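Structure first, commentary second.
No lab work stands behind these numbers, since they all come straight from the coordinates. The structure displayed is predicted, hence computed values, not measured ones. Cβ sites come from the backbone with ideal geometry, for glycine too, and all protein chains shown count toward neighbours.
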Amino acid sequence: MKLILLGAPGAGKGTQAEILCRELSIPTISTGNILRAAIKNGTPTGLKAKSYMDAGQLVPDDVIIGIVTERLAEDDCKNGYILDGVPRTIAQAAALEKAGITFDDVISIEISDETIMERMSGRRVCESCGASYHMVAVPPKQEGVCDKCGGKLVQRKDDAPETVTTLLEVSHRETEPLKDFYAQRGLLKSVENQPSVEETSRAILHALGR
Ligand code: AMP
């Protein structure tokens, strides 16, 4: 199964992608996680991406397309994949299509800006493995420590309120048009955000006919 998860920043794409990854036994490709790892490792891609990410702006399309096509060519993607956070612009979607990369379903998680603003303030990510948590909704077993790798949990720079406002503006302007793009191709399935992570997962799996 080849999936795209669409949704505003803070819609819960990362959390849902992790769950779907387990349920469907296919890898998640998160451009955000790949970019954060590149920054941590000081690679040329990381250096290029950092200033955009810190400001809540999108990293240029050519950088993103390079990352994704390279990653999707790896062996573990043969039986399917979940794209989390990509494509984020019509140009990226068109470039993936042109590269012959196909999808079976595109899930759009629908959520209000107000709920996102409330939510982002509690988000924490592991600085070692990139796993995401929420102080209220998805707390780690031990405060500040990643359940998976024991790494330190930190607030991302792009989760600061003023950055979140920018992220939402960018998402409405650049990413929302993707819903029409994929609806025209008969692939779009909209799923309303639910009060709990589990309920949203069930709604997504239901939309996928599982
Ligand atoms: P995320 O973890 O998906 O919220 O991504 C964090 C940041 O990485 C975004 O705010 C962008 O600056 C950058 N980024 C991640 N994926 C993309 C993408 N597909 N296109 C452009 N920028 C991206």
Problem set entry | Stokes-Einstein D in µm²/s, Kirkwood radius over Cα pairs - the range 66-126 at 37 °C with 0.692 mPa s viscosity | 233
For this session: Count the net charge of all other residues whose Cβ sits under 15 Å from the Cβ of Val125, scoring Lys and Arg as +1 and Asp and Glu as -1.
Result: +2
For this session: Please work out the ratio of the alpha-carbon Rg of the chain to 2.2 N^0.38 Å and round it to two decimals.
Result: 0.96
Exercise. So, by mean Cβ neighbours within 10 angstrom, what's the order for 28-39, 130-141 with the highest one leading?
Worked result: 28-39, 130-141
Seminar exercise, completed: Charge tally for neighbours of Gly209 with beta carbon under 12 Å away, counting Lys, Arg as +1 and Asp, Glu as -1, is 0
For this session: Determine, at each q value in 0.16, 0.24 (inverse angstroms), the log₁₀ of I(q)/I(0) that the Debye formula gives when each Cα of the range 127-210 is one equal point scatterer.
Result: -0.95, -1.11
Exercise. When DSSP assigns beta bridges and you keep just the ones with both residues in the chain, what percent turn out antiparallel, to the nearest 5?
Worked result: 30
Exercise. Once a ≥ b ≥ c are taken as the square roots of the eigenvalues of the Cα gyration tensor of the range 109-172, is the result rounded (a/c under 1.5), prolate (a/b larger than b/c) or oblate (a/b not larger than b/c)?
Worked result: prolate
Problem set entry | Gyration tensor (Cα) of the range 1-106, equivalent ellipsoid semi-axes in angstrom | 21, 15, 14
For this session: Please report the relative contact order for the chain, taking Cα pairs under 8 Å with a sequence separation of at least 6, and give it as a percent rounded to a whole number.
Result: 29
Problem set entry | D_trans [Stokes-Einstein, Kirkwood Rh over alpha-carbon pairs] for the range 44-166, 25 °C, 0.890 mPa s, µm² s⁻¹ | 147
For this session: Under 16 Å between C-alpha atoms is the cut-off here; go through the range 28-180 and count lysine pairs that meet it, provided they're at least eight residues apart or on different chains.
Result: 6
